[in-house]
Amino acid sequence: MAGSSEEAPDYGRGVVITDDWPGYDLNLFTYPQHYYGDLEYVLIPHGIVVDRTERLAKDIMKDIGNCDIMVLCVLKGGYKFCADLVEHLKNISRNSDQFVSMKVDFIRLKSYKNVLIVEDVVGTGRTMKALLSSIEKYKPNMIKVASLLVKRRPRSDGFRPDYVGFEIPDLFVVGYALDYNEYFRDLNHICVINEHGKEKYRV
C-alpha cells in the first residue's frame, strides 16, 4: 500500500516458512501407512505445493515465455516438481495466443539456447553454482533457475534461484519426490522426518 511503513514482501524469496512455524498435525492429512511413526509433521501440504508451482509457471512464462525453453531437471529429487512445473507451463502456452516450444532434458549437456534449470532444494548453493558454471561453457542466451525449496542455512554462499517455491528453515524434509535413502518419494506432502524415521531407514 502506498505510504505504508510496512516493508513490502520479497516475492523473490517465495513463500517464507519461519523458523517457529509448527507445521500441520499429521492426523489432518492422508499419507502412506508404511510411514506412520516416521514423520514429525507436515511442513507443506501437497495442495499448497501444487498451487505455488502453478504460480511459478505463470511467473516464468511472463519472464521468458516469448522464446523456446530447454528445461533441465536435476535428478532425482527434482523430477516431481519438474514434471508438475512443465505441465503448468504447457497449459499456459496452450491457452495463450503464442506457442512456446518446450523440451525437457536431464542434465546431458549440449548446445542450448534458453535454459531453465529445475531443482528440488537449494541449500548452501555451491552445487548449483558448479552446475551453472558447467552449463555457461555452452554459451546459452539465458539461464534461469527454479527451485521448489531454498533452505536458510548459516553456511549458504548467498546464491538465490530466479524462481523460489518456498523458503524453509534448515530442516530435513521428505516427500514430493524428496527422499531419505530412497524412501518417502511416494509421500505427496512435504514433511519433516523424525529421529525414528531416520533410524528406521538409515543405511
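The values are calculated or read from the model by the stated rules, or taken from the named source; none is laboratory data. As the structure is a computational prediction, the values presented were derived from the model and not from experiment. Virtual Cβ from ideal backbone geometry, glycine too; neighbours counted across all protein chains shown. Only protein heavy atoms, including side chains, enter the accessible area calculation; ligands, DNA and RNA are left aside. Shrake-Rupley method; radii C 1.70, N 1.55, O 1.52, S 1.80 Å.
For segment 43-53, name all the residues that are open to solvent by 10 Å² or more (accessible area, probe 1.4 Å), part of a helix (DSSP H, G or I) and in contact with a strand residue (DSSP E or B) (Cβ under 9 Å, 6 or more places away or on another chain). Selection gives H46, I48, R52.
Check whether at least one residue in segment 177-185 is surrounded by 21 or more Cβ atoms within 10 Å (Cβ to Cβ) and within 11 Å of the chain's Cα centre (by Cα), and report yes or no. Step through it out loud before you land on a result.
Taking segment 177-185 and keeping what is surrounded by 21 or more Cβ atoms within 10 Å (Cβ to Cβ), we get 177-178, 184.
Right, trim to within 11 Å of the chain's Cα centre (by Cα) and you get 177-178.
Checked against the condition, which is being surrounded by 21 or more Cβ atoms within 10 Å (Cβ to Cβ) and within 11 Å of the chain's Cα centre (by Cα), segment 177-185 yields at least one hit.
Across segment 161-176, which residue is surrounded by the most Cβ atoms within 10 Å (Cβ to Cβ) among those that are over 12 Å from the mean Cα position of the chain (by Cα) and outside any strand (DSSP E or B)? By that ranking, first place goes to L171.
Counting just the residues of segment 88-98 that are of a type outside the set (D, E, K, R) and in a helix (DSSP H, G or I), which one comes out nearest to N188 (Cα to Cα)? It comes out as H88. If the condition is being open to solvent by 100 Å² or more (accessible area, probe 1.4 Å) and of a type in the set (D, E, K, R), then segment 25-40 contributes only E40. Out of segment 55-77, which residues are more than 15 Å from L149 (Cα to Cα) and either β-branched (V, I, T) or at pLDDT 95 or above (or both)? Passing the criteria: I60, I64, I69, V71.
Scan L72, L56, L85 and give me the residue that is within 14 Å of the chain's Cα centre (by Cα), buried (at least 17 other Cβ atoms within 10 Å of the Cβ), part of a strand (DSSP E or B) and of a type outside the set (G, A, S). Walk me through how you get there before you give the answer.
Working: L56 fails: part of a strand (DSSP E or B); L85 fails: part of a strand (DSSP E or B).
Step by step, each of L72, L56, L85 is checked, and only L72 is within 14 Å of the chain's Cα centre (by Cα), buried (at least 17 other Cβ atoms within 10 Å of the Cβ), part of a strand (DSSP E or B) and of a type outside the set (G, A, S).
Beta carbons closer than 6 Å, at least 6 apart along the sequence or on distinct chains, pair a first residue in segment 182-203 that is touching a residue at least 12 places away in the same chain (Cβ under 8 Å) with a second that is open to solvent by 80 Å² or more (accessible area, probe 1.4 Å) for V192/E40; I193/F172; N194/E40; Y201/Y183.
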